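Remarks on the structure that follows.
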């Protein structure tokens, strides 16, 4: 019996066409993936966008031009978006409410600190250089430097210096600029995010390292941010969404002071016959105390009748008259 050749095996090309370009990846199993970026691609296809939306929800709402920029960053950095090495996140643009020219969402390309290190080391190796670091320096609120942070309070700043070849790239990350805070209703105060409370020095150090690596490899890392750098933006978005939801509920319950119903009521009272202009004092009804005083004055001003002057029934005078005959009989 004739054995089937390799060409008579299962054909997977119908699911994901394999390019014939000599620049394609030599690993055949990878090149046959339905979502792998191919050498002949100019942008993401529909299946790749659907897969990326599982990693970054809402990505299907991104404009085509923004997806093209994300595709360019993936190719330039060499990071795999389907392995979660790099991704694009959309955030609500609160400026759009006041400016119609502003987009409804702003899109940020992010990666982890490991992705930053990979890209920077790859760029340095390509140039015949290497990436290294000086000792990290932590600063307290009084500006004193520490090699290791052993205090319970948060560090005021962290300095990381990246070395590439013979160049130094120092970057200082301040706590007030990067630490994310959100409003806690139970405590009725703004508190620091959980991970930043548990590992404050570590989280702030990653922000400083990302800034130094971006300066050391600007051609490859400009426009890309690590998750820790965007944590503050995420916290602010959560706070804004909570405030908008609270304001909507108060307005629906009629508790919002400046709602449309209140404005309409003011206009109606101003246009009513006999309204004394737009003065707020003339629009307000008379106080209850004044109304009661006026009512009492009106009652007192009426003349008294004979019925009003007569004694009320049930007094002791009639009982005295009934007892006088008994005394006469005695």
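Where a number appears in this text, it was derived from the coordinates with a stated rule and is not lab data. Predicted, not measured: the structure shown is a model, and the values here were computed from it. Positions of Cβ are generated from backbone atoms using ideal geometry, with glycine treated the same way; all protein chains shown enter the neighbour counts.
Here is how the numbers come out for the structure above:
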item: Segment residue 75-residue 117, extension gain: residue separation times 0.36 nm, minus the distance between their alpha carbons; result: 13.5 nm
item: Pairwise label distance in nanometres, residue 141 with residue 92, each label 7 Å out on the Cα-Cβ vector; result: 3.3
item: Burial ordering of 194, 206, 186, fewest other beta-carbon atoms within 10 Å first; result: 186, 194, 206
item: In nm, spacing of pseudo-spin labels at residue 181 and residue 148 (7 Å Cα→C-beta vector); result: 3.1
item: Value of relative contact order over the stretch 37-186, rounded to a whole percent, pairs C-alpha under 8 Å and six or more apart; result: 13
item: Label-to-label distance, nm, for residues given as residue 197 and residue 42 (7 Å Cα→Cβ offset); result: 5.2
item: Highest average packing first - 71-79, 208-216, Cβ atoms within 10 Å; result: 208-216, 71-79
